[in-house]
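The values are calculated or read from the model by the stated rules, or taken from the named source; none is laboratory data. If you're wondering where the values come from, they're calculated on a predicted model, not measured in any experiment. So basically every Cβ, Gly included, is an ideal-geometry build from the backbone, and we count neighbours across all protein chains shown. Accessible surface is based on the protein model in full, side chains and every heavy atom, while ligands, DNA and RNA are left aside. Shrake-Rupley method; radii C 1.70, N 1.55, O 1.52, S 1.80 Å.
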Amino acid sequence: MAVAPPGGAGGSRWTWRPVARDALLARAFHSCTELRGRLYLVGGLLAGGAAEPSADTVVLDPAGAPAVRVGARGGPRRSHHDAAALGGRWLCAVGGWDGARRLAAVAALDAERGEWEAWTAAPGSCPPAGLSSHTCTRLSDRELRVAGREGGTRTQRRYGSIYTLRLDPSARTYCYREESCRSASRSGHCAALLPTPGPRPGHQLLLFGGCDSAEPEVAGHWGHGKIQTALLSPRGGSACRPPFDGAASKAREQWARVPAGASGPPAPFMLGGWALCCAVRWRNSDQS
């Protein structure tokens, strides 16, 4: 996460300081998701050359508590997946590699009961052939936008399909719908939901990297009021983003607040991997 330094971004210096260092955090191709003010790391590969992903879940409190492995039963064995938090209760892991194949399934951690559940596909769901190194962007507590590489023969396509994933926590079901729009074929990319300025403001989902193109690509557009503003302002904080110019090819920084209880000035966190002890750092701003 990043925060605009006091007085604006211009003329500022950024420095880093470690706030956590723990071997439990050393992993790659995992997901890291904020839920209830804590960071949940799910799965991933725990060593170089590993072929089978981990099924563990590790929780880190950015306020300074040590990382702990969650004793939740039924954790999914996943890497190259993505995850999203829903309703302040659910952590949904979507797709990924299970050591044998790419999946489009959804597994959800119930943070209240501390148990993983394998949700089922609803009637009429049209899932991808399998997903890995994709992105899941939360549009609401019931809907995600999924973009990225699919498995099977679809990896040979020159384009990538885009899906809307509807989730029903009460029924423990999910439903995929393929959108008419498509993107360049990409994986290992990033996605950002940004407001669009102008006489008809709204939001658009931009994809960055993951293919040969240096240009961001629009993977969805929503008019005014279609996207919950709270999604861009976690825990009631402000989301200070400069307007995005669709003609520009540079990605603009996104701003959000530090989780409640963290010490020091608001700043982003960084999770590193492939180290004996993974370090988490807050980036502090000093005015020059």
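For A171, which of the numbered conditions (1) at pLDDT 95 or above; (2) of a type outside the set (F, W, Y); (3) touching a Lys or Arg at 6+ places or on another chain (Cβ under 7 Å); (4) open to solvent by 50 Å² or more (accessible area, probe 1.4 Å) fails to hold?
Of the numbered conditions (1) at pLDDT 95 or above; (2) of a type outside the set (F, W, Y); (3) touching a Lys or Arg at 6+ places or on another chain (Cβ under 7 Å); (4) open to solvent by 50 Å² or more (accessible area, probe 1.4 Å), the odd one out for A171 is (3).
Residue by residue, here is whether (1) of a type outside the set (V, I, T); (2) closer than 17 Å to E112 by Cα; (3) open to solvent by less than 10 Å² (accessible area, probe 1.4 Å) holds:
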position	(1), (2), (3)
V58	no, yes, yes
A63	yes, no, no
R78	yes, no, no
L86	yes, yes, yes
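Looking at S132, S213, which one is in contact with a strand residue (DSSP E or B) (Cβ under 8 Å, 6 or more places away or on another chain) and open to solvent by 30 Å² or more (accessible area, probe 1.4 Å)?
S213
Out of the residues in the range 13-56 that are free of Cβ contacts under 8 Å to residues at least 40 places away in the same chain and within 20 Å of E112 (Cα to Cα), which is surrounded by the fewest Cβ atoms within 10 Å (Cβ to Cβ)?
My answer is A55.
Could you tell me which residue of the range 173-202 is nearest to V106 (Cα to Cα), considering only residues that are within 21 Å of the chain's Cα centre (by Cα) and basic (K, R)?
The qualifying residue nearest to V106 (Cα to Cα) is R177.
Looking at G37, G74, G88, can you tell me which residue is over 16 Å from the mean Cα position of the chain (by Cα) and at pLDDT below 95?
On the way: G37 fails: over 16 Å from the mean Cα position of the chain (by Cα); G88 fails: over 16 Å from the mean Cα position of the chain (by Cα).
The unique qualifying residue is G74.
Considering only residues that are under 22 Å from Y163 (Cβ atoms), in a loop (DSSP other than H, G, I, E, B) and among the hydrophobic types (A, V, I, L, M, F, W, C), which ones fall in the range 102-125?
W119, A122
Test E179 against the criterion of being of a type outside the set (K, R), modelled with pLDDT of 90 or more and open to solvent by 30 Å² or more (accessible area, probe 1.4 Å), and give yes or no.
yes
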